[in-house]
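Here's the structure, in structure tokens; my notes come after.
The values are calculated or read from the model by the stated rules, or taken from the named source; none is laboratory data. Since the model is a prediction, treat every value here as computed from it, not as a measurement. Reconstructed Cβ throughout: ideal geometry from the backbone, glycine too, with neighbour counts over all protein chains shown.
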Amino acid sequence: MWPDFITFRWIDFIDIILVSVLLYQIYKLVKGTVAISIFTGMLSIYLLWLIVKGLHMELLGAILGQFIGVGILVLIVVFQQELRKFFLMVGTTGIFPKLFASGGLFRLSEVREKSDLDIVSIVKACRSMSQSKTGAIIVLARQSNLSFYLKTGENIKAAVSQRLIESIFYKNSPLHDGAIIIENNEIVAARCVLPISENNNFPANLGMRHRAALGITENTDAISIAVSEQTGEIAIAYENKLHLHHTPEQLREHLEKIWKN
């Protein structure tokens, strides 16, 4: 007769599949960061603890169990940013948001309605700034609350327009250094400070503007657009990914596709 810990049921198969999916999603979040080494080490210790526990090695199992108990607190501190991304991913994708969205089982008053976005004006401004090699970062708010980043800049609260965007990022403008944040088709603030991406796989030829454009998407569900001051190239970032070398036409198509989702 097999020992108890080797008994395999169909529910165990489902358990393994769900854990595998969970671990894969966590791996995607920490891939390319220094946290991947810590994650691998903690996972190795946890697997060793499971083996020791299954073999009924009481003393070593108790020691590893205490270590893992403390390790949970360590993980919360070390993986603070990654946990934020994970819960953001859970809250903005999948079945749960649909349950709380309009027409779902419930409705949260805090959920912001998606407004129309003047994509044409934004794309025209990016085209003009690309041709003149004017550096810019444009952040498009979606469901995440960006009030923390709004407070770092100057209040604008003006309707989106091509001329206004270009005026803000004009090199002699006092507001050009930083990002503008657009919410509900309104330029809410300019000269905003954004978080910098710490992704180790970030292209070495890109500067802090692109790191900031990617960084805001690692902390929120916002979309960001960056125009390079050196090359005039347009990039768009969302869902922790930076997409480079966009033409204005490709930018428009990309924005229309993302904004509808």
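Considering (1) at negative phi; (2) modelled with pLDDT under 70, say which one Leu18 fails and leave the rest.
Every condition holds for Leu18 apart from (2).
Being within 16 Å of Ser130 (Cβ to Cβ) and within 18 Å of the chain's Cα centre (by Cα) is the filter here, so list the residues in the stretch 238-261 that pass it.
If the condition is that a residue be within 16 Å of Ser130 (Cβ to Cβ) and within 18 Å of the chain's Cα centre (by Cα), then His243, Leu244, His254, Leu255 are the ones that fit.
State which residue pairs qualify: first residue not assigned by TED's automatic domain parsing to the domain that holds Cys126 and inside the stretch 218-246, second residue in a strand (DSSP E or B) and surrounded by fewer than 20 Cβ atoms within 10 Å (Cβ to Cβ) in any location, beta carbons under 9 Å apart, and separation of 6 or more residues or different chains.
Within 9 Å, no pair qualifies.
Among (1) farther than 11 Å from Ile137 by Cα; (2) surrounded by 22 or more Cβ atoms within 10 Å (Cβ to Cβ), where does Leu214 come up short?
Evaluating Leu214 over (1) farther than 11 Å from Ile137 by Cα; (2) surrounded by 22 or more Cβ atoms within 10 Å (Cβ to Cβ) leaves (1) as the failure.
Would a scan of the stretch 145-154 turn up a residue that is surrounded by 16 or more Cβ atoms within 10 Å (Cβ to Cβ) and either part of a strand (DSSP E or B) or among the charged types (D, E, K, R) (or both)?
no
Do we have any residue at all in the stretch 75-88 that's at pLDDT below 80, farther than 30 Å from Arg252 by Cβ and either hydroxyl-bearing (Ser, Thr, Tyr) or outside any helix (DSSP H, G or I) (or both)?
Yes, some residue in the stretch 75-88 is at pLDDT below 80, farther than 30 Å from Arg252 by Cβ and either hydroxyl-bearing (Ser, Thr, Tyr) or outside any helix (DSSP H, G or I) (or both).
With the requirement that a residue be among the basic types (Lys, Arg) and assigned to a strand (DSSP E or B), what does the stretch 212-261 give you?
Lys241, the sole residue that qualifies.
Mind checking whether some residue in the stretch 174-191 is touching a Phe, Trp or Tyr at 6+ places or on another chain (Cβ under 7 Å) and either surrounded by fewer than 17 Cβ atoms within 10 Å (Cβ to Cβ) or at pLDDT 95 or above (or both)?
yes
Considering each residue of the stretch 135-159, count those that are free of Cβ contacts under 8 Å to residues at least 60 places away in the same chain and under 20 Å from Lys124 (Cβ atoms), and give that number.
The qualifying residues number 3.
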